[in-house]
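Taking it in order: structure first as structure tokens, then the write-up.
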Amino acid sequence: MRKGNILMGLSLLVLTVFSQSCNTSEKKAKELSRPNIVYIMSDDHGYQAISCYNDKLIKTPNIDRIANEGVKFNKAFVTNSICAPSRATLLTGKFSNLNGLYDNRNKFDGSQVTFPKLLQQAGYQTALIGKWHLKSDPTGFDYWNILPGQGQYYNPDFIEMGDKKRVPGYATSLITDFAIEWLEKRNQDKPFCLLVHEKAPHRTWMPDTSYLAMFEDENFDIPDNYFDDYEGRLAAKEQKLSVIKDMDLAYDLKMIDKEGEIQTHYRKWADGFLKRMDPKQRAAWDKEYNPKIEAFKKAKLKGKELAKWKLRRYLTDYLRVIASVDDNIGRLLDYLDDAGLADNTIVVYTSDQGFYLGEHGWFDKRFMYEESFRTPLVVRYPNGMKRKGEVNELVQNIDFAPTFLDYAGADIPEDIQGVSLRPILENEEAPENWRKSLYYHYYEFPNEHGVKQHYGVRTDRYKLIHFYNDIDEWEMFDLENDPEEMNNIADDPEYKTIRRGLEVELEKLQKQYGDTEPEKSIR
Ligand code: SGN
Ligand code: CA
């Protein structure tokens, strides 16, 4: 009797343990069937410098690989074309007027709801590595390792979960090393969301030593509107984004001569950047730039020749910095392949906004004109995406948060302003009834680049912008006939009806996004 009881007890125990372990492994399998997310965002990477968008400037085989194995968005935009606001929008899925982060001077309120926090609640592990720029400490991440402020290219400081230390090496490679290290050490029982935020290619475009010889002889084409006269566009006339006038010879263009004859406004800062280098890095740097400095001094360029030299000098370093971003993305993609993670991981590559590569004569961003309002966006997810190739629906950085939550099977809070991109990605065809217009609002004024406060609306074909604060100017463009936005048709009688329609649309969007008194935000 007793023996029988023991036997029965034992078999019950075995059964329970067995069914528990089945439950655990079933649970684990279920957990892991949800996609991982690797979101790579660079800082100031214009789509013009990605070969799947434009192959005239640079080859970016690794970013192209994401597009070739997934999709390339041709009409991806931001809400407010500057760093910190763009990051706040990414995290919250909301415009600046709702998330409270209007410009780079503000501190992000990290107590608000963000998608990484909601992913954590849904059982994801989350990590953030690289540029942060939101002043408050990151919240919603199981692990974070960030650059303070803008960060440095050479031997940068990192703040790892509150501890600051200087790390030898180059920012782009270090960010990738830390990302791969975290992937290796992560808890393998949970899906993950990893945000990789590059510092590159932000000003002052300092290339890694092994990229210094690239693009040596390239004679990049000068954009048609490099010598724009800004006729009919007052705000565009009054900016300080000019490659010709505002780029600093020493700081931006690396003419930091030993003799100290090239004395510029930012020379002091340029010297400071060089001081961070170790002797080997410095020797490689000098080897590249010293002959260039000498040649530049000898050439005594003037007028248009000097203007063209400046643009080519700028682009050479900008593109070198991007070449290392692309190579490091290759390292990350290879890691995902080798670890068997590629099929079930959503990989996103984008930038916090676009950038001017000489269009209108400019560098930097901020304006609602295409080059800075638009941002590159490529997405790959082999297990869950039917859509392939080019996507022409209008999407915006408010859409990332709901997309990731949707894929993770988490609830999307009602007050999120973006919409999930899942219907675009999951189906072969474009969804019906997708959004037909986009809203934009830029606030940082006064600022070092003199871009005025403005808001506006963009439809597939037209754009209407209102510049306010110290001016009151309307601009309107027909993007089909005037893709370079040179001809302001706001007061053209032929477009009166279309303008009226855009005004109605603008008001509708302001209501929808809760920005009904836009000029109350004069700051
Ligand atoms: C720095 C740059 C500016 C740039 C802002 C914002 N100057 O202030 O050229 O517009 O960052 O960039 S620098 O002399 O410090 O390089 S953002 O990407 O962070 O918004
Ligand atoms: Ca930026």
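Once label points are set 7 Å from the Cα along Cα→Cβ at both residue 173 and residue 471, what is their separation, rounded to one decimal in nm?
It is 4.5 nm.
Write down the percent of antiparallel bridges among all DSSP beta bridges whose residues are both part of the chain, to the nearest 5.
55
Taking 0.36 nm per intervening residue step and subtracting the Cα-Cα distance, what contour gain separates residue 286 from residue 503 on full extension?
Stretched fully, the residue 286-residue 503 segment lengthens by 72.7 nm.
List every residue whose amide H lies under 5 Å from the amide H of residue 377, counting only residues 5 or more places away in sequence or on a different chain, with H placed 1.01 Å from N in the peptide plane.
Amide H neighbours of residue 377, under 5 Å, 5+ apart: 73.
What are the ³J(HN,Hα) couplings of the stretch 120-131, residue after residue, when phi is run through the Karplus curve with 6.51, -1.76, 1.60 and θ = phi - 60°? Round to Hz, x for glycine and proline.
Values, residue by residue: 4, 4, 8, x, 8, 9, 10, 8, 9, 9, x, 6 Hz.
Share of Cα-Cα pairs in the stretch 258-401 beyond 27 Å, in percent?
Summing the P(r) tail past 27 Å for the stretch 258-401 gives 46 percent.
If amide H atoms are built 1.01 Å from N in the plane of the peptide, which residues on other chains or at least 5 residues away come under 5 Å of the amide H of residue 70?
389
Label point 7 Å out from residue 245 along Cα-to-Cβ: which residues of the stretch 298-317 have amide N under 12 Å?
So the set is empty, nothing qualifies.
Quick check on the stretch 358-485: take the gyration tensor over C-alpha atoms, sort the square-rooted eigenvalues as a ≥ b ≥ c, and tell me if it's rounded (a/c under 1.5), prolate or oblate.
Taking the square roots of the gyration eigenvalues as a ≥ b ≥ c, the stretch 358-485 is prolate.
Would you mind finding the longest exposed-site-free stretch of the chain, with exposed chymotrypsin sites (Phe, Trp or Tyr not before Pro) meaning DSSP loop and at most 14 other Cβ atoms within 10 Å?
For chymotrypsin sites (Phe, Trp or Tyr not before Pro) (loop position, at most 14 other Cβ atoms within 10 Å), the longest site-free span of the chain is 1-226.
Over the chain, with the other protein chains present, what is the accessible area per residue in square angstrom, probe 1.4 angstrom?
42
Calculate for the chain the 222 nm mean residue ellipticity that helices alone would give, adding -39,500 (n - 2.57) per DSSP H run of length 4 or more and normalising by residue count, nearest 500 deg cm²/dmol.
-11000 deg cm²/dmol
Using 30 Å as the Cα-Cα cut-off, could you pick out the over-long pairs in 135/280; 258/308; 131/452?
Distance filter (> 30 Å) returns 135/280.
With only Lys, Arg, Asp and Glu charged, each at its Cβ (+1 for the first two, -1 for the last two), find how big the charge dipole of the chain is about the Cα centre; round to the nearest 20 debye.
That gives a dipole near 1680 debye.
Can you classify the chain as rounded, prolate or oblate using the Cα gyration tensor, where a ≥ b ≥ c are the square roots of its eigenvalues, rounded means a/c under 1.5, and otherwise it's prolate if a/b beats b/c and oblate if not?
Oblate, since a/c reaches 1.5 and b/c is not below a/b.
Tell me, what % of the accessible area of the stretch 237-311 is carbon and sulfur with a 1.4 angstrom probe?
Summing carbon and sulfur atoms, their accessible area is 55 percent of the total for the stretch 237-311.
Can you give me the % of accessible surface on the stretch 71-183 that is carbon or sulfur? Probe 1.4 Å, all protein chains present, nothing else counted.
Here carbon and sulfur together make up 50 percent of the probe-accessible area.
Using θ = phi - 60° and the Karplus relation 6.51 cos²θ - 1.76 cosθ + 1.60, list the HN-Hα couplings for the stretch 62-75 in order, rounded to whole Hz, with x at every Gly or Pro.
Karplus values, whole Hz, x for Gly and Pro: 7, 5, 4, 4, 4, 5, 5, 8, x, 10, 10, 7, 8, 10.
Residue by residue through the stretch 171-180, which ³J(HN,Hα) values in whole Hz follow from phi under the Karplus form 6.51 cos²θ - 1.76 cosθ + 1.60 (θ = phi - 60°), with glycine and proline marked x?
3, 4, 6, 5, 4, 5, 4, 5, 5, 5
Please report the relative contact order for the chain, taking Cα pairs under 8 Å with a sequence separation of at least 6, and give it as a percent rounded to a whole number.
Relative contact order here is 23 percent.
Ignoring ligands, DNA and RNA, what percent of the 1.4 Å accessible area of the stretch 420-516 is carbon and sulfur?
Answer for the stretch 420-516 is 45 percent, counting heavy atoms of protein chains only.
Using a cut-off of 11 Å between beta-carbons, work out the net charge of the residues near residue 351 (Lys and Arg +1, Asp and Glu -1, residue 351 not included).
The answer is -2.
The values are calculated or read from the model by the stated rules, or taken from the named source; none is laboratory data. Because the structure is predicted, anything quoted here is derived from the model rather than measured. Note that we place each Cβ from the backbone using ideal geometry, even for glycine, and neighbour counts take in every protein chain shown. These area figures cover heavy atoms from the full protein model, side chains too; ligands, DNA and RNA do not enter into them. Shrake-Rupley method; radii C 1.70, N 1.55, O 1.52, S 1.80 Å.
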